[in-house]
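The values are calculated or read from the model by the stated rules, or taken from the named source; none is laboratory data. The model shown is predicted, which means the values in this text are computed figures rather than measured ones. Here the Cβ is made from the backbone with ideal geometry for all residues, glycine too, and neighbour counts use every protein chain on show. Accessible surface areas use protein heavy atoms only, side chains included; no ligands, DNA or RNA. Shrake-Rupley method; radii C 1.70, N 1.55, O 1.52, S 1.80 Å.
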Amino acid sequence: MDPLNTTQSGMPESEAAAEARRLLDEWASKPVRHHPTSFRDDTETPAFGTAPPVKQEDHRIVPAWAAGIAVASIGVGAGVTGIGCGAWLVLQGLSSVTLNGVLMVTLPFAGLAMVATAIGGAISKARAAVTKNVFEGPVTHHTEIHNNSTTRGAFFARTRNEIR
């Protein structure tokens, strides 16, 4: 149905125009309702006041155990960083080692090892001079060997030796 080109005569044209004008005027006379999306308070804040301070409740977002783990991980990271710096320093020192430096450092240890070896050798020779086993009488040694050898097979030969 086309409302502009209607053939029905429900209301005369002049009455319809007057009703439309009345509805439009009624709508236009109402104030427009605005819905603000933000608000700004431009009043000057006082420099000081008589109201006591208000206690702020402690609402932490992170649980205590998670904060503890975070602090522990920071400590572990700092410790590992210290160990890494120490290793770097040791390796820097080892990279500048020369043969003369190594010999000068190990010379006292080599001297101590040589003295300990000499003392140990002297003690072992002094103990070896004392004989505790004294044998008296003749010593005989009797050995008999009976060897029976048999070989069987040609390609994968097996030899059996019996010694009595």
- Message: Over the range 18-164, with the other protein chains present, what is the accessible area per residue in square angstrom, probe 1.4 angstrom?
- Response: 102
- Note on the structure: With label points set 7 Å from each Cα along the Cα-to-Cβ direction at Val62 and Thr150, the distance between them in nm comes to 8.9
- Message: Please report the carbon-and-sulfur percent of the accessible area for the chain; probe 1.4 Å, protein heavy atoms only, DNA, RNA and ligands left out.
- Response: 64
- Message: 7 Å from Cα along Cα→Cβ at both Ser124 and Glu162: what's the point-to-point distance in nm?
- Response: 4.6
- Task: At 0.36 nm per residue, minus the direct Cα-Cα distance, what do Val54 and Glu136 gain on full extension? Give it in nm, one decimal, please.
- Result: 18.3 nm
- Task: For the range 57-164, state which chymotrypsin sites (Phe, Trp or Tyr not before Pro) are in a DSSP loop and have at most 11 other beta carbons lying within 10 Å of their beta carbon.
- Result: Phe135, Phe155, Phe156
- Please report, in debye to the nearest 20, how large the charge dipole of the chain is about its Cα centre when each Lys and Arg carries +1 at its beta carbon and each Asp and Glu carries -1 there. 2280
- Leaving out ligands, DNA and RNA but keeping every protein chain, what accessible area does Glu162 have, in Å² rounded to the nearest 10, with a 1.4 Å probe? 80
